[in-house]
1. How many residues does the range A:143-168 contain that are closer than 14 Å to residue A:199 by Cβ, touching a helix residue (DSSP H, G or I) at 6+ places or on another chain (Cβ under 8 Å) and assigned to a strand (DSSP E or B)?
2. When you go through (1) buried (at least 20 other Cβ atoms within 10 Å of the Cβ); (2) in a loop (DSSP other than H, G, I, E, B) one by one for residue A:259, which number turns out not to apply?
3. Test of understanding: among A:194, A:150, A:126, which residue is within 11 Å of chain B (Cβ to nearest Cβ) and over 29 Å from residue A:342 (Cα atoms)?
4. Just the residues that are buried (at least 16 other Cβ atoms within 10 Å of the Cβ), out of contact with any helix residue (DSSP H, G or I) (no Cβ under 6 Å at 6 or more places or on another chain) and farther than 23 Å from residue A:248 by Cα, please, taken from the range A:357-376.
5. Tell me which of these residue A:251 doesn't satisfy, since it passes every other one: (1) outside any loop (DSSP other than H, G, I, E, B); (2) within 14 Å of another protein chain (Cβ to nearest Cβ); (3) over 21 Å from residue A:202 (Cα atoms).
6. If you take the residues in the range B:75-91 that are in contact with a helix residue (DSSP H, G or I) (Cβ under 9 Å, 6 or more places away or on another chain) and modelled with pLDDT of 90 or more, which one is farthest from the other protein chains (Cβ to nearest Cβ)?
7. When you check residue A:38 against the structure, is it more than 14 Å from every other protein chain (Cβ to nearest Cβ), surrounded by fewer than 20 Cβ atoms within 10 Å (Cβ to Cβ) and assigned to a loop (DSSP other than H, G, I, E, B), yes or no?
8. Hey, among A:337, A:323, which residue is in contact (Cβ under 8 Å) with a residue 40 or more places away in the chain and over 14 Å from residue A:354 (Cα atoms)?
């Protein structure tokens, strides 16, 4: 596909493909617009994709770059694991886990950063920056280090220590802002107007968002070029949620996939659920949450930029947006770990808990093929596991072991 | 009563390049009206049928006016009003 322009999602005004993110006519968000040639040879396109690298760059035809993309870190093509034990536990037919913990910095943010950074380099930027709740911070710091670019990473000061450590180690300029994520984001929006930097999720946001489409592409390819029936995915800004659908739509449109969009279920934490609340109340826009309070800090965006589009997608596909409590999130982390061997950060606990809620409510048909998107690694939010299990501390003797540990398997 | 309005780069094409403007008004709505009197093309950029467009955020002293009283939010002498596009990044 040819990359044509940046286009306003609200009023369709077009702009050149530079570093801009907001329509000057109506303040709507800008999105990359493509056009495709007529009479695409779908079989040849499929073969070209299959012959590509085992990274997101196998989908370069669908990404907004003008030159062949290069990145030092191998992002994407993460496993899609069939989760029969999880399905069985929940009384479901077929569940798959898109395991995006298996990315270079252990979250799906490597996808968006890889694309935004490649575009930033094409545009000649020498400094990269972001506002982040942690996962994006690590990805920006790592990919900038690999590319030899200077970076500035802005985070809320109360972030999980694991995420702070796993960002600072890459030698970035780390700025901890005393405020909420939304305040960090507002600061970065102002800074983007003053400094000639590539803020991946501000002035490079249209390119950044395109990286999330690759989860949709990979999922379909890994299912044997088929669409799932349902996708359960976390919602923070709503960008990932809507871009996965966009990826499916592009492939349906070009003929790589048959069928219609899956049902889309969004997952939020009850302590910060502006999109779930708007869905429940039938609103088209989200009322911002001022003081998010949840252990799922990577989802704690009180003022979600793509909230209206996430609502529209959930309604259009017959899905929904649900919210789960911190206790349900902890249970979700445990459930996924115990049944699949995948340790997710709290955001994945939110997603798994919403899957469990949908199953319990009877919303999921017995013959449905469901994909849940696990966006980050449990090592990023270790505290959630603390106190949830017992450790048997013993002296190094057989007697001590037999006395302390109840064994269920006989010798 | 004078309030300082901070104008984002995306709107400076219609404010003759001005990044700030000092205008009068007792509420955010009145402040914006004064601003539109000075820069006529600004109104349709950020308002639609008298309401703020859905991707426009306005802050008084750093607080989102949706947490206050919206366009009815009162402002006093020396307050700072900031207009920003509503993009949030994520994660």
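The values are calculated or read from the model by the stated rules, or taken from the named source; none is laboratory data. Please read these numbers as outputs of a predicted model, since none were measured by experiment. A quick note on method: Cβ atoms are made from the backbone with ideal geometry, for glycine too, and the neighbour counts reach across all protein chains shown.
1. 5
2. All conditions pass for residue A:259, except number (1).
3. Values: A:150 fails: within 11 Å of chain B (Cβ to nearest Cβ); A:126 fails: within 11 Å of chain B (Cβ to nearest Cβ).
Every option except A:194 fails the conditions.
4. Step one: filter the range A:357-376 for residues buried (at least 16 other Cβ atoms within 10 Å of the Cβ), giving A:357-359, A:363-364, A:368-376.
Then drop every residue that is not out of contact with any helix residue (DSSP H, G or I) (no Cβ under 6 Å at 6 or more places or on another chain), which leaves A:357-358, A:363, A:368-370, A:373.
Selection gives A:357 alone.
5. Result: residue A:251 passes all but (2).
6. Among residues in the range B:75-91 that are in contact with a helix residue (DSSP H, G or I) (Cβ under 9 Å, 6 or more places away or on another chain) and modelled with pLDDT of 90 or more, the one farthest from the other protein chains (Cβ to nearest Cβ) is B:75.
7. yes
8. Answer to the check: A:337.
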